[in-house]
Amino acid sequence: MYSTITTKTNTDVQSHSIKEPNQEQNQYISAVTGWIKWPLLISSFAILTACGGGGGSGSDSTTTSEDTTTAADEETTVELTANDEALLQIIADSNLDQSSVDERNLPDIESPMAQLGMKLFYSKSLGGDFDSACVTCHHPVLGGGDDLSLPVGVEAVSSDLLGEGREHQDGLPLVPRNAPTVFNIGFWDTGLFWDSRVESLGQEENANGASSGIRTPDTAFGVADTNAGNNLVTAQARFPVTSVEEMKTAAFENGSDNNTIRDHLAARIGDYDEGEGELTTNAWLSEFQTAFGVTSDASTLITFDNIAEAIGEYERSMVFVDTPWRNYLDGDTTALSENQKAGAILFFTRVSEGGAGCAACHSGELFSDGDHHTVAFPHFGPGKGDGNDDDFARERETGDSTDRYRFRTPSLLNIATTAPYGHVGAYQTLEEVVRHYTNPTGRVRDFFDDGGWCQLPQFEEVTNCASLYPNAETNSNLALNKLAQDRANDDTRFPENPRLNNTEVNQLVAFLEALTDPCVEDRACLDPWIPDTSDTGPDGNQLNAIDRNGELL
């Protein structure tokens, strides 16, 4: 017995006969029949079954009252290109078509708690000096980030101007790392921030940190923070308000510990104790009572724990996974162009087999292993206090020198909208990112030869730009040395550079662009996650973001 799948490659039709007893080949047939789900895409598909080749009395066939034609008399085909066939095999082998969206119990943006969280997320009342909000660094229209290499949190020239054109009053950004996107933040099961300083201790799948303890900067490494909240996102929401550069400012609660800072902000929102009277307009109590479904008084209900929970639920509602790649996995073979399919094959194929090897780190539904790796992107900026403006990355948390310069693998979902790329936003385009992996040493050298950070839009007009970070190239070379050391010790998932020609680079970039949900590029589609810009919120301090031209985002 033989099974025949007829496929079409460009204009040439190819037929493949596969012996049924071969288990691996039967799995491939099963994958094809189970994977193609959309009738409009199917010109035909059938398994031709025959004994002795004909449809006579010896044929193994069945008939029904509705169809008296034997299976041996029918032959239909699925029109698949050569790229489809190769990609189908990869999908089947790696179970790439699995989705966990329905398993995660993520909130809807219309839920009362997410609505309260959105109002808090956009309120400058959570900024120590009323000049920044969570949205300052994480606006939906800006890919869930801020469109800058290094964020400008507090003390901006214009507090409501977000993205390119936002400047600190002193001219330089003070935040040392690029702002990660908040899109799909509810999919992280390992840790948040570039160094995972908010981290699930158990890292259970599909739990977002809810199934075990969560370690935060308020506790020692490996020790659960009992105040972290129900999940990683809630835990993360507790920290930007305590950062001098991001939201607090130096003057507000100067010298206070994190909990004192949070308690003061909660009292401000609740209009009680030390925060009483700090807001001239305050309708927050009714907002909290509606969201939590209780009639408690402000001092009982408006705590920072509840503020963080609400902000976390708003962030967790940002689920944007309806990408062309997802549509392809669901059976729409027209969802990807041939270039994108070729790029996907490169993405999922090991370097040793002629591919790009990206999936070694960018794996799973989130396109991230959640782990930390040395990839040696260019470094510049104020650093994290590790001497000479350096940033030791994961080592800062673990204390282990083998973790130096290892940053968490970012998600690639919606990657086309989340530039600039890297822990300091050194690269402006996906092509630059891909080319870095083909030659890290050469790309770092080119970055500095071409002007370093001064070539980036954020720094183009900064006076004496070239003298700002004199140790930047040295620190970048130290990261390159660490990459070489990791390779020599066989302690990296980036053991060799992929060898890609220009066509393959373009194909890989094309595939990366197919990982973006069209909604995040459509202001109207994002509207539910942005409060009414004609309003000023429950406290009169809603940040209604504008771009450098004064237009509302």
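Quick one: in segment 230-249, which of the residues that are in contact with an Asp or Glu (Cβ under 6 Å, 6 or more places away or on another chain) and within 29 Å of N206 (Cβ to Cβ) is surrounded by the fewest Cβ atoms within 10 Å (Cβ to Cβ)? Break it down stepwise before answering.
Applying the first criterion (in contact with an Asp or Glu (Cβ under 6 Å, 6 or more places away or on another chain)) to segment 230-249 yields 233-234, 240, 249.
Add one more test, that the residue is within 29 Å of N206 (Cβ to Cβ), and what stays is 233-234, 240.
Details: V233: 28, T234: 26, P240: 24.
The qualifying residue surrounded by the fewest Cβ atoms within 10 Å (Cβ to Cβ) is P240.
Can you tell me which residue among D386, D403, D391 is in contact (Cβ under 8 Å) with a residue 40 or more places away in the chain and of a type in the set (D, E, K, R)?
D391
For segment 494-505, how many residues meet the condition of being closer than 26 Å to L329 by Cα and either assigned to a loop (DSSP other than H, G, I, E, B) or at pLDDT below 95 (or both)?
2
So that you can scan it fast, the table gives a plain yes or no per residue for (1) over 18 Å from A376 (Cα atoms); (2) charged (D, E, K, R); (3) surrounded by fewer than 16 Cβ atoms within 10 Å (Cβ to Cβ):
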site: N489; (1), (2), (3): no, no, yes
site: E496; (1), (2), (3): no, yes, yes
site: N502; (1), (2), (3): yes, no, yes
site: Q507; (1), (2), (3): yes, no, no
site: F511; (1), (2), (3): yes, no, no
site: T516; (1), (2), (3): yes, no, no
site: E521; (1), (2), (3): yes, yes, yes
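Kindly establish whether S352 is hydroxyl-bearing (S, T, Y) and outside any loop (DSSP other than H, G, I, E, B).
yes
Being part of a helix (DSSP H, G or I), assigned by TED's automatic domain parsing to the domain that holds G381 and of a type in the set (A, V, I, L, M, F, W, C) is true for just one of L512, L526, L508, L480. Which residue is that? Write out each step before concluding.
On the way: L512 fails: assigned by TED's automatic domain parsing to the domain that holds G381; L526 fails: assigned by TED's automatic domain parsing to the domain that holds G381; L508 fails: assigned by TED's automatic domain parsing to the domain that holds G381.
The conditions single out L480.
Here is a list: G163, G191, G213. Which entry is of a type outside the set (K, R), touching a helix residue (DSSP H, G or I) at 6+ places or on another chain (Cβ under 9 Å) and closer than 24 Å to N258 by Cα?
G191
Determine which single condition Y437 fails, assuming it passes every other condition in (1) outside the structural domain of D371 (by TED's automatic domain parsing); (2) buried (at least 17 other Cβ atoms within 10 Å of the Cβ).
If we test Y437 against (1) outside the structural domain of D371 (by TED's automatic domain parsing); (2) buried (at least 17 other Cβ atoms within 10 Å of the Cβ), just (1) comes out false.
Quick test of your reading of the structure: K341 fulfils all but one of (1) in the same structural domain as S476 (by TED's automatic domain parsing); (2) more than 28 Å from Y405 (Cα to Cα); (3) basic (K, R). Name the failing condition by number.
For K341, the failing item is (1).
Do any residues in segment 280-302 that are outside the structural domain of E313 (by TED's automatic domain parsing) have Cβ atoms under 7 Å from those of residues that are in a loop (DSSP other than H, G, I, E, B), where the two are at least six apart or on different chains, and which pairs are they?
Note: no pairs meet the criteria.
Just the residues that are within 23 Å of T417 (Cα to Cα) and assigned to a loop (DSSP other than H, G, I, E, B), please, taken from segment 191-211.
F193, W194, D195, S196
For segment 388-440, name all the residues that are closer than 23 Å to D189 by Cβ, of a type in the set (A, V, I, L, M) and part of a loop (DSSP other than H, G, I, E, B).
L412, L413
Counting just the residues of segment 247-277 that are part of a loop (DSSP other than H, G, I, E, B) and without any contact (Cβ under 8 Å) to a residue 24 or more places away in the chain, which one comes out farthest from A228 (Cα to Cα)? Break it down into steps so the answer makes sense when it comes.
Applying the first criterion (part of a loop (DSSP other than H, G, I, E, B)) to segment 247-277 yields 249-257, 271-272, 276-277.
Filter once more, keeping what is without any contact (Cβ under 8 Å) to a residue 24 or more places away in the chain: 250, 254-257, 276-277.
Numbers: A250: 24, N254: 23, G255: 22, S256: 19, D257: 16, E276: 26, G277: 29 Å.
Residue satisfying both the conditions and the ranking: G277.
Could you check segment 317-333 and list, in sequence order, the residues that are surrounded by fewer than 22 Cβ atoms within 10 Å (Cβ to Cβ) and not in a loop (DSSP other than H, G, I, E, B)?
P324, R326, N327, L329
It is to be established whether one or more residues within segment 128-137 are in contact with a His (Cβ under 7 Å, 6 or more places away or on another chain) and either outside any loop (DSSP other than H, G, I, E, B) or modelled with pLDDT of 95 or more (or both).
No, every residue in segment 128-137 fails to be in contact with a His (Cβ under 7 Å, 6 or more places away or on another chain) and either outside any loop (DSSP other than H, G, I, E, B) or modelled with pLDDT of 95 or more (or both).
Just give me the residues in segment 138-154 being part of a helix (DSSP H, G or I) and buried (at least 22 other Cβ atoms within 10 Å of the Cβ), in sequence order. Can you show your working first?
Of segment 138-154, the ones part of a helix (DSSP H, G or I) are 140-142.
Across segment 138-154, the qualifying residues are P140, L142.
State whether one or more residues within segment 444-463 are of a type in the set (K, R), under 22 Å from H362 (Cα atoms) and part of a helix (DSSP H, G or I). Even if it seems obvious, please write down each step before you answer.
At the first step, the residues of segment 444-463 found to be of a type in the set (K, R) are 445.
With the extra rule that they be under 22 Å from H362 (Cα atoms), the set shrinks to none.
Checking segment 444-463: not a single residue is of a type in the set (K, R), under 22 Å from H362 (Cα atoms) and part of a helix (DSSP H, G or I).
Which members of segment 93-113 meet the condition of being of a type outside the set (D, E, K, R), at pLDDT below 95 and in contact with a helix residue (DSSP H, G or I) (Cβ under 8 Å, 6 or more places away or on another chain)?
Keep residues of segment 93-113 that are of a type outside the set (D, E, K, R), which gives 94-96, 98-101, 105-107, 109, 111-113.
Then drop every residue that is not at pLDDT below 95, which leaves 94-96, 98-101, 105.
Within segment 93-113, S94, L96, S99, S100 qualify.
Out of all the residues in segment 166-196, which are farther than 18 Å from G144 by Cα and within 17 Å of the chain's Cα centre (by Cα)?
Answer for segment 166-196, where residues must be farther than 18 Å from G144 by Cα and within 17 Å of the chain's Cα centre (by Cα): D189, T190, D195, S196.
What about Y469, is it touching a residue at least 60 places away in the same chain (Cβ under 8 Å) and in a loop (DSSP other than H, G, I, E, B)?
Taking the combined requirement at face value, the residue satisfies it.
Return yes or no: is I214 in contact with a Leu (Cβ under 9 Å, 6 or more places away or on another chain), closer than 22 Å to E395 by Cα and either surrounded by 22 or more Cβ atoms within 10 Å (Cβ to Cβ) or not assigned by TED's automatic domain parsing to the domain that holds D146 (or both)?
Considered against the rule, which asks whether it is in contact with a Leu (Cβ under 9 Å, 6 or more places away or on another chain), closer than 22 Å to E395 by Cα and either surrounded by 22 or more Cβ atoms within 10 Å (Cβ to Cβ) or not assigned by TED's automatic domain parsing to the domain that holds D146 (or both), I214 comes out as yes.
All but one of (1) farther than 17 Å from L192 by Cα; (2) of a type outside the set (S, T, Y); (3) in the same structural domain as H436 (by TED's automatic domain parsing); (4) touching an Asp or Glu at 6+ places or on another chain (Cβ under 8 Å) hold for V375; which doesn't?
(4)
Does segment 169-176 include one or more residues that are of a type in the set (S, T, N, Q) and touching a helix residue (DSSP H, G or I) at 6+ places or on another chain (Cβ under 9 Å)?
No, the conditions are met nowhere in segment 169-176.
Take the residues in segment 377-410 that are touching a helix residue (DSSP H, G or I) at 6+ places or on another chain (Cβ under 7 Å) and among the hydroxyl-bearing types (S, T, Y), then tell me which one is surrounded by the fewest Cβ atoms within 10 Å (Cβ to Cβ).
S401
Just checking, how many residues over segment 529-553 are of a type in the set (A, V, I, L, M) and part of a loop (DSSP other than H, G, I, E, B)?
Residues meeting the conditions: 4.
For every residue, the table says whether it meets (1) over 19 Å from R326 (Cα atoms); (2) at pLDDT 90 or above; (3) out of contact with any Leu (no Cβ under 8 Å at 6 or more places or on another chain).
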site	(1), (2), (3)
S65	yes, no, yes
E74	yes, no, no
N83	no, yes, yes
I90	no, yes, no
V141	yes, yes, no
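The values are calculated or read from the model by the stated rules, or taken from the named source; none is laboratory data. All figures in this text were calculated on a predicted structure; none of them were measured in a lab. Methodologically, a virtual Cβ is constructed for each residue, glycine included, from the backbone with ideal geometry; neighbour enumeration extends over all protein chains shown.
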